[in-house]
1. Of all residues in region 145-159, which are buried (at least 16 other Cβ atoms within 10 Å of the Cβ), part of a helix (DSSP H, G or I) and not aromatic (Phe, Trp, Tyr)?
2. When the residues of region 114-140 are narrowed to those that are in contact (Cβ under 8 Å) with a residue 60 or more places away in the chain and closer than 16 Å to Ser182 by Cβ, which ends up surrounded by the most Cβ atoms within 10 Å (Cβ to Cβ)?
3. Restricting to region 49-73, count the residues that are surrounded by fewer than 18 Cβ atoms within 10 Å (Cβ to Cβ) and more than 16 Å from Trp115 (Cβ to Cβ).
4. Taking region 146-182 only, how many residues are under 14 Å from the mean Cα position of the chain (by Cα) and within 18 Å of Glu203 (Cβ to Cβ)?
5. For region 18-48, enumerate the residues that are farther than 20 Å from Leu107 by Cα, under 26 Å from the mean Cα position of the chain (by Cα), of a type outside the set (A, V, I, L, M, F, W, C) and surrounded by fewer than 16 Cβ atoms within 10 Å (Cβ to Cβ).
6. Being among the aromatic types (Phe, Trp, Tyr) and more than 24 Å from Glu179 (Cα to Cα) is true for just one of Tyr86, Tyr111. Which residue is that?
7. Take Val90 and tell me if it is surrounded by 14 or more Cβ atoms within 10 Å (Cβ to Cβ), in contact with a helix residue (DSSP H, G or I) (Cβ under 9 Å, 6 or more places away or on another chain) and not charged (D, E, K, R).
8. Pairs only if they're at least six apart or on different chains, beta carbon under 9 angstrom, first in region 196-214 and modelled with pLDDT under 90, second charged (D, E, K, R); list them, first residue then second.
Amino acid sequence: MAQLSRRMSPAGASQKRAITTEAVLDAAERLLVERGHAGITTRGLASEAGVNNGLIHYYFGSMEEVFVQVLERFTNRLIKRQREMYEADVPFIKKWETAWGYQDEDLDSGYSKIWLELQAMAWNDPELRERVVRVDAEWRAVLTEAFTKALADYGVADRFPPAVLVPLMMTFGQGFALERLSGISHGHAALLEWIHAWLEGLEAGAIGQVDDTGDSRNASQS
């Protein structure tokens with residue numbers, strides 16, 4: 001998997017620079033979750049990170065670069081988690097349940113808030129928008145790979161093509177996070193229960209197809 005972050009530190013950078021860079025990103029991640037980007041100043045970030053004010057711009061160039069690197073670094077960790085989960089040898093419905101457990105984890109950790117904050121910042125910043133689009137593309141790639149296999153296994157890829165279902169799930173997931181961050185949860189539980197029941201039906205159908213195929217094979221061999 002290609003790493004998203006275009007870190008400012010050159011090859012062979014000193015250990016001190018690497019430590020300072022990580023300290024700034026760690027501090028920015030905490031502050032983005034606690035205050036949001038509008039509540040963070042260069043001085044406040046430097047104080048939180050325990051570094052000199054001038055090092056923020058010297059190492060990163062701008063506060064926007066700090067924030068987007070926080071998002072990219074955070075995303076890299078979660079993409080790795082997500083890929084490992086989808087590669088597990090368990091029914092897709094179990095992966096779905098785990099994925100929605102991760103949704104709650106990401107809300108609690110602050111990732112969802114950082115992701116949505118950076119999207120809002122990117123609306124008026126074309127360069128930042130390019131970086132945000134790459135983050136979005138990484139998430140879509142993970143879902144496309146997972147859903148393509150699952151829909152083929154269920155035998156419904158013709159009715160629910162991944163090219164349609166993945167954008168739907170991306171929009172649903174971000175809408176879910178946005179409403180939860182806004183204190184809105186109306187209808188969420190009912191919708192998730194409906195999706196779970198739909199997946200149970202697909203799972204039962206897939207198992208039935210396997211059983212029928214096995215029965216047919218056995219009959220032809222007798």
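1. Ala146, Thr148, Ala150, Leu151, Asp153
2. Across region 114-140, the extreme among qualifying residues is Ile114.
3. Applying the first criterion (surrounded by fewer than 18 Cβ atoms within 10 Å (Cβ to Cβ)) to region 49-73 yields 50, 52-55, 57-58, 61-64.
Add one more test, that the residue is more than 16 Å from Trp115 (Cβ to Cβ), and what stays is 50, 52-55, 57-58, 61-63.
Going through region 49-73 one residue at a time, the tally reaches 10.
4. Summing the residues that are under 14 Å from the mean Cα position of the chain (by Cα) and within 18 Å of Glu203 (Cβ to Cβ) in region 146-182 gives 2.
5. If the condition is that a residue be farther than 20 Å from Leu107 by Cα, under 26 Å from the mean Cα position of the chain (by Cα), of a type outside the set (A, V, I, L, M, F, W, C) and surrounded by fewer than 16 Cβ atoms within 10 Å (Cβ to Cβ), then Glu22 is the only one that fits.
6. On the way: Tyr111 fails: more than 24 Å from Glu179 (Cα to Cα).
Among Tyr86, Tyr111, only Tyr86 is among the aromatic types (Phe, Trp, Tyr) and more than 24 Å from Glu179 (Cα to Cα).
7. So Val90 does not fit the description; no.
8. Ala206/Asp153
The values are calculated or read from the model by the stated rules, or taken from the named source; none is laboratory data. These numbers come from a predicted model, not from an experiment. Ideal geometry is used to build each Cβ from the backbone, glycine not excepted, and the neighbour counts take in all protein chains shown.
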